[in-house]
Amino acid sequence: MKREHRLLYKKLIQKLGEMHQIEKCVEELNELCDVLDSDEIDSFALIDEVADVEITMEQLKVIFPYLGKEVRERKKFKIERLKREVLGLLSDE
């Protein structure tokens with residue numbers, strides 16, 4: 001995450017509080033779910049909500065500093081597992 005973004009998020013969290021920003025993250029995730037749950041996905045709405053979710057995810061990493069490293073490690077594990085699953089699916093063909 002860019003240093004200027006981290007500083008901006010820290011100021012925002014100090015001003016509004018951690019719980020407020022956690023609730024904001026939940027709100028943004030729900031809005032993304034609503035876009036994805038529609039019969040016809042609006043590409044502008046999808047782009048907008050994904051951007052909002054990414055921003056609030058970065059804020060969570062400021063609130064919970066251990067998330068950065070831990071999530072990176074967990075993603076590596078899950079991607080490796082996904083590779084094995086995909087290779088297994090391909091070998092079944």
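The values are calculated or read from the model by the stated rules, or taken from the named source; none is laboratory data. These numbers were taken from a predicted model, which means no experiment stands behind them. Note: ideal-geometry Cβ built from the backbone for every residue, glycine included; neighbour counts use all protein chains shown.
Within segment 61-82, the residues that satisfy the criterion of being aliphatic (A, V, I, L, M) and under 21 Å from ARG6 (Cα atoms) are VAL62, ILE63, LEU67, VAL71.
Counted as qualifying within segment 1-85 are the helices (runs of 4 or more DSSP H) with 1 or more residues that are of a type in the set (Gly, Ala, Ser), namely 43-63.
Collect the residues in segment 56-69 that are out of contact with any helix residue (DSSP H, G or I) (no Cβ under 8 Å at 6 or more places or on another chain) and under 24 Å from GLU27 (Cβ atoms), keeping them in residue-number order. Within segment 56-69, PHE64, PRO65, TYR66 qualify. Just checking, which of GLU58, GLU85, GLU40, GLU49 is over 22 Å from ARG3 (Cβ atoms) and surrounded by 15 or more Cβ atoms within 10 Å (Cβ to Cβ)? That would be GLU49, the only listed residue that is over 22 Å from ARG3 (Cβ atoms) and surrounded by 15 or more Cβ atoms within 10 Å (Cβ to Cβ).
The single condition among (1) in contact with a Lys or Arg (Cβ under 9 Å, 6 or more places away or on another chain); (2) closer than 16 Å to MET57 by Cβ; (3) modelled with pLDDT of 95 or more that LEU16 does not satisfy is (2). If the condition is being surrounded by 13 or more Cβ atoms within 10 Å (Cβ to Cβ) and not hydrophobic (A, V, I, L, M, F, W, C), then segment 1-22 contributes HIS5, ARG6, TYR9, LYS10, GLU18, GLN21.
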